[in-house]
Every structure is written in structure tokens, then in C-alpha cells.
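Single-structure report; data block below.
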Amino acid sequence: MDRHAQLIDAVEVNAMYTPHIDFNLRAITWARARGKPLVGNSDLHVLNGLGITYSVVHSEPTADAICDAIRHGRVEVGTTALEICRTA
């Protein structure tokens, strides 16, 4: 990723993590060290996963405005770690 960092607009935080095992930590550390914004994604496969991890983008509701807002860091990640039994 370092080789092509200038091509990356944002880095994903995925919903699949627990308080004890967080697969996002390397990506978050990489993004913060390079000033890249984070975006949340639930990678939804079952409906009860909706709303666990998501993005709040501060922009007008158009594709171009949303992409621009993300590139400029006008995005917040909302997320809650999963319980171990729920990840199974």
C-alpha cells in the first residue's frame, strides 16, 4: 500500500472485529500515519449486522459530493465491537 498511497482516498474499517481481536488495527494505523480518512463498512451478509459499523459523510447527497467529502476527511466512522459469540 505504501507504494501506491497517493492513489488511496480512504481506508475501510470493517465490522468484523471484537474487543480482543481487531483486524482493523493495521489499516487504521496505516491510514492515520498518512492522513487518510477512514470509512466504515458492515460488509452486510445478514440483516442483524446492519448499523454495527457505518460511515457518516458530511456532504450533499450526490455521488460527487460524497466522494469529495470522503477525500477531504469529512467523514466519521460509527462502530461497535462484536461480542465473541456473535462473530462465530
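The values are calculated or read from the model by the stated rules, or taken from the named source; none is laboratory data. Only a predicted model underlies this, so the values are computations on that prediction, with no experimental measurement involved. Here the Cβ positions follow ideal geometry from the backbone for every residue, glycine too, while neighbour counts run over all protein chains shown.
Output the residues belonging to the range 1-47 that are out of contact with any Phe, Trp or Tyr (no Cβ under 7 Å at 6 or more places or on another chain), more than 21 Å from ARG74 (Cα to Cα) and surrounded by 13 or more Cβ atoms within 10 Å (Cβ to Cβ).
Selection gives THR18, ASP22, LEU44.
So SER59 clears everything in (1) under 15 Å from the mean Cα position of the chain (by Cα); (2) surrounded by 15 or more Cβ atoms within 10 Å (Cβ to Cβ); (3) in a loop (DSSP other than H, G, I, E, B) except one condition, right? Which one?
(1)
Do we have ASP68 as farther than 22 Å from GLN6 by Cβ, acidic (Asp, Glu) and surrounded by 11 or more Cβ atoms within 10 Å (Cβ to Cβ) here?
Judged against the criteria, ASP68 is not a match.
Within the range 46-74, which residues are aliphatic (A, V, I, L, M) and either in contact with a helix residue (DSSP H, G or I) (Cβ under 6 Å, 6 or more places away or on another chain) or more than 24 Å from ASP22 (Cα to Cα) (or both)?
Matches in the range 46-74: VAL57, ALA63, ALA65, ILE66, ALA69.
Within the range 1-50, track down each residue that is in a loop (DSSP other than H, G, I, E, B), modelled with pLDDT of 90 or more, under 21 Å from ALA69 (Cβ atoms) and of a type outside the set (Asp, Glu).
Once the filter is applied, which keeps residues that are in a loop (DSSP other than H, G, I, E, B), modelled with pLDDT of 90 or more, under 21 Å from ALA69 (Cβ atoms) and of a type outside the set (Asp, Glu), the range 1-50 yields ILE8, ALA10, ARG34, GLY35, LYS36, PRO37.
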